[in-house]
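I have a structure I would like to understand better, so I am pasting it below and will then ask my questions one at a time.
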Amino acid sequence: MIGSRNIEIINSVILSFTHQNEVLINQLNQMIYYFRGGLCRDDAWALSYLEREIMITFLNERFKEAGDLIKKNIPVFI
């Protein structure tokens, strides 16, 4: 793509990389926050895509469980 010397394609690729990087940073920051010290920044950056997806699935399931318990007036510490 970059070898094509087409400025529009090059800009599109760079913007795509920038957007993906921002999404990754936001995702890692959320994971670090929700794990409350159980996952440090360096460990979060070392995770593979699959490991991040598994952790996000775990968090989403936990939030759903907590929401169900809160609806039943059961105290929950998330």
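Any read-out appearing in this document is the output of simple, stated calculations on the displayed coordinates, not a laboratory observation. Small disclaimer: the values here were computed from a predicted structure and weren't measured. No Cβ is skipped: glycine too gets one built from the backbone with ideal geometry, and neighbour counts run over all protein chains shown.
Given +1 on the Cβ of Lys and Arg, -1 on the Cβ of Asp and Glu, and no further charges, what dipole in debye does the chain carry about its Cα centre, rounded to the nearest 20?
Once rounded to the nearest 20, the dipole reads 220 debye.
Here's another thing I want to ask about it. Do any chymotrypsin sites (Phe, Trp or Tyr not before Pro) in the chain lie in a loop, going by DSSP, with at most 13 other beta-carbon atoms within 10 Å of their beta carbon, and if so which? Before the final figure, lay out the partial values.
Values: sites: PHE17, TYR33, TYR34, PHE35, TRP45, TYR49, PHE58, PHE63, PHE77; in loops: PHE35, PHE77.
Taking the chain and a limit of 13 other Cβ atoms within 10 Å, the loop chymotrypsin sites (Phe, Trp or Tyr not before Pro) found are PHE77.
Continuing with the same structure: Of ASN29, ILE14, LEU47, which is farthest on the positive side of the dipole of the chain, counting Cα position, with +1 on Lys and Arg Cβ, -1 on Asp and Glu Cβ, and the Cα centre as origin?
ASN29
Bin width 5 Å, alpha-carbon pairs only: give the P(r) of the chain as whole percents, running from 0 to the bin holding the largest distance.
3, 13, 17, 15, 12, 11, 11, 7, 4, 3, 2, 1, 0
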